[in-house]
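Okay, so here's the structure we're looking at.
Computed from the coordinates by the stated procedures, all read-outs in this text should not be read as laboratory data. Source: prediction; values computed, not measured. Here the Cβ positions follow ideal geometry from the backbone for every residue, glycine too, while neighbour counts run over all protein chains shown.
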């Protein structure tokens, strides 16, 4: 199909070993490197590969698109999600946590689940 614009992948070096963190949420740290977020933090994207420390990793930030993430506990379809310190995603229940996705599939701790990647208002 002509006329479609394909953005180049977003990439940055990993600040630590992220070889076990594919599909985990990431932040870009103050050095411009990929790192795992703190609990409830606003994330910069989802890691698409598994770089070792110092190696380039690819991440995705497409708001309004489906993404695959790793669940940090039991999740249900339609619930809104926030991030744990290990980059996994859980159902958001705290007003201080950034809600960045809606679950499109159910799953358990450590399982790949699908989410709608976006920005949602904080829990009331």
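Note that the chain, at 10 °C in a medium of 1.306 mPa s, gets a Stokes-Einstein diffusion coefficient of 110 µm²/s from its Kirkwood radius over C-alpha pairs. In the calculated pair-distance distribution of region 80-124, the portion above 12 angstrom amounts to 57 percent of the Cα-Cα pairs. Length gained on full extension, residue 58 to residue 120, computed as 0.36 nm times the residue gap minus the Cα-Cα distance: 19.9 nm.
Take the alpha-carbon centre of region 17-45, take the same for region 48-84, and report the distance between them in whole Å. Taking the Cα centre of each part, region 17-45 and region 48-84 sit 9 Å apart.
Each label point was placed 7 Å from the Cα along the Cα-to-Cβ direction; for residue 31 and residue 65 their separation is 2.8 nm. Using equal-weight Cα scatterers in the Debye expression, the normalised intensity of region 10-60 in log10 at q = 0.17, 0.27 Å⁻¹ is -0.37, -0.98.
Ranked by the mean number of other Cβ atoms within 10 Å per residue, highest first, peptides 84-93, 48-57 order as 84-93, 48-57.
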